[in-house]
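What follows is one structure encoded as structure tokens, with my remarks underneath.
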Amino acid sequence: MTQQLILNLLPAPVPTLDNYVPGKNQAAIAALQGCEPGRAVYLWGPPGAGRSHLLQALGFADHALYIHHNNANRLLQSVVEADIIDYRRIAVDGVERYDDEAQAALFALYNRWRESASSTHAFALLVAGDRAPMHMPVREDLRTRLGWDLVFRLELLSDDERGQALQTRASERGLHLSPEVINWILTHYARDMNRLSHLIDALDHYSLAKQRAITLPLLREFLAHEDTAALATP
């Protein structure tokens, strides 16, 4: 069984609030859990901090909508032009990549959010970007609206926190990862916990297929294949 086949059979875990490792971001998680219609949360932080994970966890739920920068123009326009917005939660991701048209539509969505906040058609608005509202490369009136309600900076997990999370993930699958394997992963692989969790799951299947324990040589063998090496960070 090849590494690529294993990865094809084993999709990345579906993002949820439960499988997000909060680290220093407990306040942001609490705010998202309690974000009722009529409230808004803006998340920002470095790559790998979990902005998209959190927005997908909430935006793919029932009566919710997740908007990515690739489909922002079409979806935002359809939402703001609707007579009634039926969603209870709208998650808008990757704002730093929005063009002028998408920025105008998001500006209009913020206005609809505020106008409906005290009505039966209120919705929660969750937005994420790669920097603080006042430093976002967007039109000035939208920049102001990004900070209208709650704003949180997401922090990366420390190596100790990521190591503990990896051990927990492995233990849930009945695996033992040596400190040598954990240290190698932390220094050579992506910092995103969703990808790290996917790696542990894939390693579990690969070790079963090879009938070998997860050791550093097995890990390197797994990642050496050209189909999986691209997943690792330089």
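The values are calculated or read from the model by the stated rules, or taken from the named source; none is laboratory data. Quantities reported herein were computed from a predicted structural model and do not represent experimental measurements. Please note: Cβ atoms are built from the backbone with ideal geometry, for glycine as well, and neighbour counts cover all protein chains shown. Areas reflect the complete protein model, heavy atoms only, side chains present, ligands, DNA and RNA absent. Shrake-Rupley method; radii C 1.70, N 1.55, O 1.52, S 1.80 Å.
Quick rundown of the values:
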item	result
Order of exposure, largest accessible area first, which applies to Val41, Val151, Val80 with probe 1.4 Å	Val151, Val80, Val41
Segment 113-181 - Rg (one decimal) and Dmax (whole number), Cα, Å	20.0, 56
Per residue accessible area in Å² of segment 125-234, where ligands, DNA and RNA are left out and the probe is 1.4 Å	50 Å²
Total formal charge among the other residues, if their Cβ is under 15 angstrom from that of Ala128, Lys/Arg +1 and Asp/Glu -1	+1
Ellipticity estimate at 222 nm from DSSP helix runs (n ≥ 4, -39,500 (n - 2.57)) divided over the chain, nearest 500	-14000 deg cm²/dmol
Fraction of the pair-distance distribution of the chain above 28 Å, Cα-Cα pairs, percent	39 percent
For Arg112, solvent-accessible area (1.4 Å; no DNA, RNA or ligand), Å²	50 Å²
Ranking by accessible area, most exposed first, for Arg131, Arg89, Arg51 with a 1.4 Å probe	Arg131, Arg89, Arg51
Backbone N within segment 61-78 under 16 Å of label point (7 Å from Arg97 Cα along the Cβ vector)	66-76
19 Å cut-off, amide nitrogen to a point 7 angstrom out along Glu161 Cα→Cβ, residues in segment 19-47	19-34, 42-47
Residue-level accessible surface for Thr168, protein heavy atoms, 1.4 Å, Å²	80 Å²
Local electrostatic count at Gly38 - Lys and Arg +1, Asp and Glu -1, tallied over other residues with Cβ under 14 Å	+2
Histogram of C-alpha separations across segment 76-160, 10 Å bin width, %	16, 50, 26, 7, 2
Amide H contacts under 5 Å for Tyr66, placed H, 5+ residues apart	Ala91
